[in-house]
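Some notes on the structure that comes next.
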Amino acid sequence: MKVNDFVVRFANVNGTGSASANALFTKAVFRMGVPVTPKNIFPSNIQGLPTWYEVRVSEKGYLGRREGVDLMVAVNPQSMKKDYADVREGGYFVYDSTKPLPPGYDRTDITHLGVPMTQLCNAEYSDARQRQLFKNIVYIGALSALFDIPFEVLEGMIGEQFKKKEKLIPPNIKALQLGAEYARENFECPFDLRVERRDLLGDKILYSGNSACALGAIYGGATVAAWYPITPSTSVVDAFAKYAAKYRVDAETGKNNYAIVQAEDELAAIGMVMGACWNGARSFTATSGPGLSLMQEFLGLGYFAEVPSVLIDVQRTGPSTGMPTRTQQSDILLAAYASHGDTKHPLLFPSSPRECFEMTADAFDLTERLQTPVIVMTDLDLGMNDHITGPLHWDDSRTYDRGKILNAEQLDFLSSAVSRMQKAVDESKPATNGKLAATVAELDAQPQGDQSMTQPLEQFKGKWGRYLDVDNDGIPYRTIPGTHSKAGAFVTRGSSRDEFAVYTEDGDAYRRNVDRLMRKWDTAKELVPQPVFYRSDSGHVTLTEHDAPSSSGTAGVIFFGTSTYAALEALELLEADGVKLAAMRPRAFPFGKAFCDFVESHERIFVIEQNRDAQFRSLMMIELGTTASKLVPVLNYDGTPITADNIYRQIKDDIEK
């Protein structure tokens with residue numbers, strides 16, 4: 001008997017209302033305190049093609065996919081042959097037995113469970129649409145009896161789901177009863193796959209990455225979103241609109257304190273975002289690979305003109321249109337070096353909805369601190385599926401980091417200093433009499449008043465330059481339009497200019513500018529989220545997070561984003577076989593000291609990622625100069641989330657060579 005350790009896959013026809021029914025099963029297991037991970041694998045058309053919903057139940061808390069299906073609910077004739085083959089030996093095949101199975105469905109190593117779903121619904125409901133929809137609820141009812149899921153758990157969720165449409169509650173409850181009663185009368189219930197109550201989840205929640213990104217944007221101070229709809233990122237802005245309607249409305253006037261613009265295309269969307277950020281509003285867009293391709297020109301402008309902006313890239317399978325509703329981590333190089341010329345963009349790699357929330361909020365601080373576009377790299381798996389995650393926390397005392405912005409008082413001070421310096425120059429002609437030096441010294445000896453106003457104004461020596469690096473960190477000081485009526489103006493341009501934003505084609509000035517941008521890149525290395533390391537503690541195989549790497553072993557593993565949970569499970573499988581590997585999960589690009597130290601301290605490193613061309617591995621080779629022979633690619637690129645079994649096999653095969 002398997003208790004709280006199995007995989008159920010639902011094979012449906014897209015557009016038949018199966019998604020909400022299948023989610024009931026996931027939520028029922030979750031409410032029983034058992035870790036559960038759903039994966040919705042659906043087609044890009046609106047209706048008619050096969051769709052699958054896979055649920056992994058794991059008392060041990062494994063949140064990645066696992067190969068093999070223990071119970072298949074097959075109600076789609078188009079995919080039934082493949083669905084039948086995917087059932088593991090000893091598994092179960094649940095099907096609509098209103099009609100007999102066609103020839104060839106005669107495996108003796110699995111158990112066939114026929115439930116006459118269509119017949120039961122036709123006898124109970126007269127409306128054709130209801131007959132179709134409630135067929136899904138019937139098989140959920142049957143599973144509740146088979147798995148021993150308390151009926152009241154599902155009944156309660158139906159009540160919650162339709163609390164605003166109470167007329168739908170009784171027929172849904174009836175459909176659950178039809179399925180449960182049929183299963184009890186015709187099968188041994190419960191069977192040898194069980195869901196038993198546990199208390200393993202504490203205060204954890206089920207939440208999608210796209211919703212978490214949207215809420216992170218709200219808490220991060222975003223007031224403007226410009227976008228063009230594209231799967232799988234559309235629900236980011238949909239969720240932002242919902243949250244903004246609740247949290248971005250003036251309590252006294254009832255007016256909205258936010259703007260959401262659906263642009264004519266992705267290029268226009270990122271242009272609107274940069275315009276809003278340039279004017280001082282925190283703004284973002286959300287897109288996927290094809291949209292990111294179109295945004296290249298503006299991302300280059302943002303890098304070179306140093307305009308803040310946040311972009312959430314929910315990656316999907318490419319290239320071109322690719323498979324719009326399948327997942328990959330295949331935009332890494334495109335995002336890192338977006339646009340022509342020498343460009344580099346900070347990337348953040350969340351692995352959970354909680355990190356989606358935190359990193360999106362942090363991205364707004366980073367983009368203003370660094371004055372450059374920041375890209376949050378999620379994917380379809382993380383964005384559109386529900387995941388178990390820790391509660392979202394926010395420090396109400398936190399203040400936004402707006403970076404180096406000069407306010408009106410500071411600009412007044414600089415303007416007056418410039419006037420005094422010019423007067424000193426004029427009066428001292430033709431010979432300097434010390435007045436100029438005294439005026440410059442004024443800026444260095446300004447002890448009175450608000451130090452935040454005068455620091456670091458003295459370093460400008462009386463003349464502000466938009467692209468002057470007075471702190472030697474590569475980050476200049478900027479102004480927001482409208483801050484001052486006379487001072488602080490500059491021309492924002494994508495063409496070459498000097499430190500004072502004056503157009504020039506002088507090669508030395510250009511080189512000074514791009515070299516300064518590289519100093520800023522070095523500054524960013526320690527400002528972005530730092531990597532997390534994993535090791536087993538006190539002889540236990542289970543891996544836990546640490547701030548410092550494990551010192552054992554000559555081989556290491558790197559993984560990021562949604563590869564994390566399958567990778568952790570694979571590492572535990574390998575360790576049980578006596579193969580112990582140090583592990584690091586980078587959370588951002590550029591790579592800082594901790595990342596580089598890990599790479600340098602291991603002779604061989606497996607790099608796990610979900611794309612064909614080993615893009616993260618290539619990024620390491622470009623940025624660190626790491627040799628190809630040191631970095632072993634472990635890849636998955638079929639559009640479905642990577643599995644622990646896959647990772648385990650690839651690493652084990654390489655080690656045994």
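Residues Leu334, Leu631 ordered from highest to lowest accessible area at a 1.4 Å probe: Leu334, Leu631.
Computed with a 1.4 Å probe on the full set of protein chains, the accessible area for Met359 sits at about 10 Å². In this structure the chain gives 42 Å² per residue of accessible area when probed at 1.4 Å with all protein chains present. Between Lys82 and Arg604, the contour length at 0.36 nm per residue exceeds the alpha carbon distance by 184.1 nm.
With a cut-off of 11 Å between beta carbons, the residues surrounding Pro116 carry a summed charge of +1, where Lys and Arg count +1 and Asp and Glu -1.
Projecting the Cα atoms of Ser126, Gln296, Pro481 onto the charge dipole of the chain (Cβ charges, centred on the Cα centre) puts Ser126 farthest toward the positive pole. Dipole magnitude for the chain: about 1020 debye, using +1 per Lys or Arg Cβ and -1 per Asp or Glu Cβ, origin at the Cα centre.
Residue separation of Met518 and Phe162 scaled by 0.36 nm, minus their Cα-Cα distance, works out to 122.6 nm of gained length. Taking 0.36 nm per residue of separation and subtracting the Cα-Cα distance, full extension of the segment from Tyr105 to Glu545 would add 153.8 nm. Counted by Cβ distance under 9 Å from Met377, the other residues give a net charge of -3, where Lys and Arg count +1 and Asp and Glu count -1. Note on the chain: with neighbouring protein chains present and a 1.4 Å probe, carbon and sulfur make up 51 percent of its accessible heavy-atom surface.
Cut-off 14 Å, label point 7 angstrom out along Cα-to-Cβ of Glu185: give me the residues of the range 132-148 whose amide nitrogen falls inside. Backbone N within reach: 142.
Here Asp106 sits with roughly 110 square angstrom of accessible surface, probe radius 1.4 Å.
Net charge near Thr327, counting Lys/Arg +1 and Asp/Glu -1 over other residues with Cβ under 14 Å of its Cβ?
Working: positive: Lys39, Arg65, Arg316, Arg326, Arg612; negative: Glu54, Asp313, Asp331, Asp379, Asp381, Glu609, Asp638.
Net charge in that neighbourhood comes out at -2.
Distance from the alpha carbon centroid of the range 276-333 to that of the range 82-141 works out to 43 angstrom.
Helix 266-278 axis versus longest C-alpha principal axis of the chain: approximately 50°, rounded to the nearest ten.
If you take the beta carbon distance between Ala19 and Asn472 as r and set R0 to 60 Å, what does 1/(1 + (r/R0)^6) give as a FRET efficiency, to the nearest 0.05? Show your work: numbers first, answer last.
Values: r = 55 Å, r/R0 = 0.91.
Between Ala19 and Asn472 the formula returns 0.65.
About its Cα centre, the range 233-340 has a charge dipole of approximately 360 debye under the convention of +1 per Lys or Arg Cβ and -1 per Asp or Glu Cβ, with nothing else charged.
For Glu505 and Asp199, the FRET efficiency from 1/(1 + (r/R0)^6), where r spans their Cβ atoms and R0 equals 45 Å, is about 0.05. Sorting Arg649, Arg516 by accessible area puts them as Arg649, Arg516; the probe is 1.4 Å, largest comes first, and only protein heavy atoms count.
Computed from Cα positions, the angle between helix 209-219 and the longest principal axis of the chain comes to roughly 40 degrees.
The Cα center of the range 599-632 and the Cα center of the range 209-234 differ in position by 31 Å. Lys/Arg Cβ at +1, Asp/Glu Cβ at -1, dipole of the chain taken about the Cα centre: which of Val599, Thr317, Ser629 is farthest positive-ward? The listed residue farthest towards the positive side: Thr317.
Within the chain, what is the longest stretch that has no GluC sites (Glu not before Pro) placed in a DSSP loop and near at most 14 other beta-carbon atoms within 10 Å?
Numbers: sites that count: Glu67, Glu188, Glu196, Glu252, Glu264, Glu505, Glu526, Glu603.
Counting only loop sites that pass the neighbour cut-off, the longest clear stretch is 265-504.
Under 17 Å from a point placed 7 Å out from the Cα of Glu526 along the Cα-to-Cβ direction: which residues of the range 593-616 have their backbone N that close? Inside the label zone: 593-598. In the chain, a dipole from Cβ-located charges (positive for Lys and Arg, negative for Asp and Glu) runs towards its positive end, and of Thr26, Val87, Ala583 it is Thr26 whose Cα lies farthest in that direction. Compute the long axis of helix 128-147 from its Cα atoms, compare it with the longest principal axis of the Cα atoms of the chain, and write down the angle in degrees, 0 to 90, nearest 10. That helix lies at roughly 80 degrees to the long axis. Could you sort out which of Lys580/Lys652; Lys60/Lys204; Lys344/Lys520; Lys486/Lys520 sit more than 20 Å apart by Cα distance in this structure? In this structure, Lys486/Lys520 exceed 20 Å between Cα atoms. Counting only heavy atoms of the protein chains and using a 1.4 Å probe, Phe187 has close to 40 Å² of accessible surface.
The values are calculated or read from the model by the stated rules, or taken from the named source; none is laboratory data. Everything numeric in this text was worked out from a predicted model, so none of it was measured. For neighbour counting, all protein chains shown are included, and Cβ atoms are generated from backbone atoms with ideal geometry for every residue, glycine included. Surface areas here come from the heavy atoms of the whole protein model, side chains and all, with no ligands, DNA or RNA. Shrake-Rupley method; radii C 1.70, N 1.55, O 1.52, S 1.80 Å.
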